[in-house]
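Encoded as structure tokens, the structure appears first; notes follow it.
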Amino acid sequence: MAGEERAETSPGTERCTMHWKEHPISFDGYNYKVFDTMGLEESQLEMEKHLDAIANTRSLITKLDKEGGIDLLLFCVPAGRFTSIIRDNYRLFYVSLCKKKVPIVLVITGLEGEENMEDWWTRYKHTFHEGSIAVAGHVCITATNHMNKRHQELYELSRQLIRKVVREHTDTEDVLTRNTDFRTSMSTRNIVLFGQTGAGKSSVVNLMAGEKKAETSSGTERCTMHWEEHLITFDGYNYRVFDTIGLEEPQLGIDQYLEAIVNARNLITKLDKEGGIDLLLFCVQAGRVTVTVQNNYRLFYEWLCEKKVPIILVLTGLEREDNMEEWWTRNKGELDKYKIPIDGHACITAANNLDGRHQRLYEESRQLVRNLVREHTYDRAEVAWKGDEGWFRKFMRKLRELVLGATMKNEDIVTLLTKRCGMPRDAAVTLAQQVREESCRKFDLPRSI
């Protein structure tokens, strides 16, 4: 990075840095303070020294927190087999000490033997994904100087690559905010995806991530039977993306339907305790808008989130369109008819590995979704929504009030659930009966109707 010798180096695995060292470096008109830390290899450190190394690292983080914060972590890993030591170093610095709130870039070293250094990442990136190593970016380099002409060319290329990635993740408009307190400025945003089976929710997760994170299924085969959490990082920002089960009456039995509602309630409750919800992504397959689409919208946006979370409509399956946005121009009136107001929309394809033209649309779709996510999370002044009483408890309380206050008959409750809430009749009958039985037990009321 410096373009000159600043730090002492050592051959092989011989330890050179026994304490963190500071190196002022300038390039491209910018100044950086680079801190070189010691690694934490248990096989090379006695337990006492290992604990000292952790305390040493913590003191550095505390020092920088007081002096302006941390702008970037460079995680250096030698090319080779993925080991538990790599995972432990990642967890210590990124997860434990920096609370996942600082952008982290993976620097793969020792690639002077590769014809194309980036090819190494193509072959081995899956090992990092399997080891749950999520990063904001990566760079494949050689840091070995004074070799033959070809290797020297790779060395100069490596310098440019690493300088570029440092500049990219530090030269941002929010750097002053991040420096004020990195603990809050880089906090993870919570995003909930919902929609029908076959709408491409899992594919949208992979589209955003730029890699395979979620399992996908073809057609209407159900892939997600429970909400699933995916950690995603792009453009230097961290997201927890939750992929949920859709509520399709034809594919779900009544018990499953009610379980899916409770499942969604549990997710909202979980996020309420963990920072709230920053954004809803409503995935709809381009085509005819149906009552099921409206019901999914009402469940998540109106009832569970009380219309207090920004919601983006993601229209999928548009790879056959010459201009994907034209679909919206032709069909937005249909959504107005079903009274589905939104904060924004993206017309995309989430189908990967198609021909050249479709691949271009896929990359364009990734950028569209990422831009909207950034715009409605990190670029938004409001904080994440946290439920107060929570829809499900409030909903059940209102039903009990109806039962107690107006001796409401089961059929009246069923009508409320089916007409306004869009529930299948059998599910509404079951829920109404549960509400009445619970109220009778609690308030010692007669069970006859």
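For Leu157, are the conditions met, namely being in the same structural domain as Ile25 (by TED's automatic domain parsing), modelled with pLDDT of 90 or more and not polar (S, T, N, Q)?
yes
Could you grab the pairs with beta carbons closer than 9 Å, sequence gap of 6+ or different chains, first residue in segment 272-294 and on the phi < 0 side of the Ramachandran plot, second one of a type in the set (S, T, N, Q) and assigned to a loop (DSSP other than H, G, I, E, B)?
Asp278/Thr377; Leu279/Thr377; Cys283/Gln196; Val284/Gln196; Gln285/Gln196; Thr290/Gln196; Thr292/Gln196; Val293/Gln196
With Leu92, Leu74, Leu111 as the choices, which residue is among the aliphatic types (A, V, I, L, M) and within 20 Å of His169 (Cβ to Cβ)?
Within the list Leu92, Leu74, Leu111, the selection yields Leu74.
Go through Leu354, Leu313 for me and flag whichever is buried (at least 17 other Cβ atoms within 10 Å of the Cβ) and either modelled with pLDDT of 90 or more or in a loop (DSSP other than H, G, I, E, B) (or both).
Criteria check complete, one pass: Leu313.
Between Tyr90, Tyr94, which is free of Cβ contacts under 8 Å to residues at least 24 places away in the same chain, surrounded by 18 or more Cβ atoms within 10 Å (Cβ to Cβ) and not hydrophobic (A, V, I, L, M, F, W, C)?
Tyr94
Hey, does segment 329-337 have a residue that's closer than 22 Å to Ala264 by Cα, modelled with pLDDT of 90 or more and part of a helix (DSSP H, G or I)?
Within segment 329-337, not a single residue is closer than 22 Å to Ala264 by Cα, modelled with pLDDT of 90 or more and part of a helix (DSSP H, G or I).
Condition first: buried (at least 17 other Cβ atoms within 10 Å of the Cβ) and in a helix (DSSP H, G or I). Now tell me which residues in segment 70-87 satisfy that.
Within segment 70-87, Ile86 is the sole residue that qualifies.
Here's the yes/no breakdown for (1) farther than 27 Å from Val95 by Cα; (2) part of a strand (DSSP E or B); (3) modelled with pLDDT of 90 or more; (4) not assigned by TED's automatic domain parsing to the domain that holds Ala428:
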site	(1), (2), (3), (4)
His230	no, yes, yes, yes
Arg240	no, yes, yes, yes
Val262	yes, no, no, yes
Leu280	no, yes, yes, yes
Asn323	yes, no, yes, yes
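Within segment 102-137, how many residues are in a strand (DSSP E or B) and over 15 Å from Phe82 (Cα atoms)?
Residues in segment 102-137 being in a strand (DSSP E or B) and over 15 Å from Phe82 (Cα atoms): 3 in total.
Considering segment 298-307 alone, what residues qualify as being surrounded by 15 or more Cβ atoms within 10 Å (Cβ to Cβ) and either of a type in the set (Lys, Arg) or assigned to a loop (DSSP other than H, G, I, E, B) (or both)?
Passing the criteria: Arg298, Cys305, Glu306.
Where residues in segment 32-48 are at pLDDT 70 or above and not in a loop (DSSP other than H, G, I, E, B), which of them is surrounded by the fewest Cβ atoms within 10 Å (Cβ to Cβ)?
Ranking the qualifying residues of segment 32-48, first place goes to Lys33.
Exactly one of these conditions fails for Thr127: (1) at positive phi; (2) modelled with pLDDT of 90 or more. Give me its number.
(1)
The values are calculated or read from the model by the stated rules, or taken from the named source; none is laboratory data. All values derive from a computational prediction rather than experimental measurement. Reconstructed Cβ throughout: ideal geometry from the backbone, glycine too, with neighbour counts over all protein chains shown.
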